[in-house]
Amino acid sequence: MSWNDKISSAFGVADKKFAGHANDIESAVELLEMASKEGVSFADYLTDIKAWLKSQDCSPQHIEQEMGKVNDLSSYFKT
């Protein structure tokens, strides 16, 4: 299974918010690790996640907000 097959696991099922819950944070970390192990550049990582959000019919505003979180590495750590 490729890293991008697991993108959805880092987002809330209903709200499509990135790393909003403990399980989503854990999945986000795994997603980033998988992409890194597969040699995916961070730019390609972001592009694929943005494409996934678009495929989920998220609004441009929601996509912009969530991509800000995806791009912020502090989102990948429990607070």
Checklist entry - Could you list, in sequence order, the residues of the stretch 33-58 that are over 13 Å from the mean Cα position of the chain (by Cα), surrounded by 13 or more Cβ atoms within 10 Å (Cβ to Cβ) and over 18 Å from K16 (Cα atoms)? => result S36, V40
Checklist entry - Do you know which of the residues in the stretch 68-79 that are over 17 Å from W3 (Cβ atoms) and of a type outside the set (S, T, N, Q) is surrounded by the fewest Cβ atoms within 10 Å (Cβ to Cβ)? => result K78
Checklist entry - Only one residue in S27, S36 is over 16 Å from K69 (Cβ atoms), modelled with pLDDT of 95 or more and of a type in the set (S, T, Y), so which one is that? => result S36
Checklist entry - Just checking, how many residues over the stretch 1-50 are without any contact (Cβ under 8 Å) to a residue 12 or more places away in the chain and aromatic (F, W, Y)? => result 1
Checklist outcome for this item: The number of residues in the stretch 1-27 that are within 15 Å of S75 (Cα to Cα), surrounded by fewer than 18 Cβ atoms within 10 Å (Cβ to Cβ) and among the aliphatic types (A, V, I, L, M) is 1
Item to check | Yes/no for Q61 being surrounded by fewer than 16 Cβ atoms within 10 Å (Cβ to Cβ), under 17 Å from V13 (Cβ atoms) and at pLDDT 95 or above | outcome: no
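The values are calculated or read from the model by the stated rules, or taken from the named source; none is laboratory data. Because the structure is predicted, anything quoted here is derived from the model rather than measured. In this analysis, Cβ positions are derived from the backbone assuming ideal geometry, glycine residues included, and neighbour counts consider all displayed protein chains.
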